[in-house]
Each structure stands twice: as structure tokens, then as C-alpha cells.
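Working notes, structure below.
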Amino acid sequence: MLIERARQRLGLYQSGQMRATEAQQWAQYRAGDLSAGLSYSGSTNCPACGADGKLEGEDVEAAKHEVEQVSEDDYDSWMELTVGAEYFSCDRCRLVLDSFELVDSAGLPATFEATTDVGDYWEPEYGND
């Protein structure tokens, strides 16, 4: 239902048939306004319009430390994270799915990949003494 409503609203906007108050609200919108601001994000196609949308999440399900040698004495290090998708938004059609259940029922991925600095995701080992 949310997906179909987003399609309808985008169609009305593109055809110029949106009511004046709705068109004014639509025009005031800025890209990124719909973001939940969660810690991690990735992109995927919007189920309503096909544009790039933003998956967001907080819960890291898996983390892998990656290291690459960039020169003889220099290394680059980062974390590859698998994050549970909890929120989706699309700047083009204004679709918002604000729970895992809605994200899942829309057929969007349950997880996404994110990259972060090692310092941003450091889990010290406890009890290894």
C-alpha cells in the first residue's frame, strides 16, 4: 500500500496534476530529508520507482577486518560490515519504510554491506587475560 501510494504521488507530480498544497510541500523537500540518520547506510533500488534509495541500519550482524598493502611500508585498514536493514527511504518518490517488517515485505534486502574505518568499529576483546 505504501509502495503504490508513492507511485501515485510521483505520477501526479510528474504529470502536474498534484493539488497545489501537495505540490508546494513536494517542492520544499530537499534531498536527504527522509533519512533516519542511522549509523550505517547503503543503496538499493526503490520498489516503487526504481531509483536509488537508501537502506539504513544500526545492528551490525558481521564484521570483517580488511588490510591492503599500498606501498612497501604502508598499509590501509578498514572494516567491512554486514548491517541489518531497518529503514528505507527514496528521494525521488518519497517512499519511507520505517521498520524491518516493512523493508522485508517490500522485497528489499534484509542486510546490506557498509565500510567504515577500523577506529569507528573497534570491539576490544574482553576476558582474554
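The values are calculated or read from the model by the stated rules, or taken from the named source; none is laboratory data. A quick note: this is a predicted structure, and the numbers were derived from the prediction, not measured. Glycine also receives a Cβ, built like all others from the backbone with ideal geometry; neighbour counts cover every protein chain displayed.
Out of the residues in region 88-107 that are over 12 Å from Cys46 (Cα atoms) and of a type outside the set (D, E, K, R), which is surrounded by the most Cβ atoms within 10 Å (Cβ to Cβ)? Per the stated criteria, the residue is Leu102. Here the condition is being exposed (fewer than 13 other Cβ atoms within 10 Å of the Cβ) and either at negative phi or in contact with a helix residue (DSSP H, G or I) (Cβ under 9 Å, 6 or more places away or on another chain) (or both); of Ser39, Ser35, Ser43, it holds for Ser43 alone.
Would you confirm whether any residue within region 1-21 is at positive phi, assigned to a loop (DSSP other than H, G, I, E, B) and at pLDDT 90 or above? No, every residue in region 1-21 fails to be at positive phi, assigned to a loop (DSSP other than H, G, I, E, B) and at pLDDT 90 or above.
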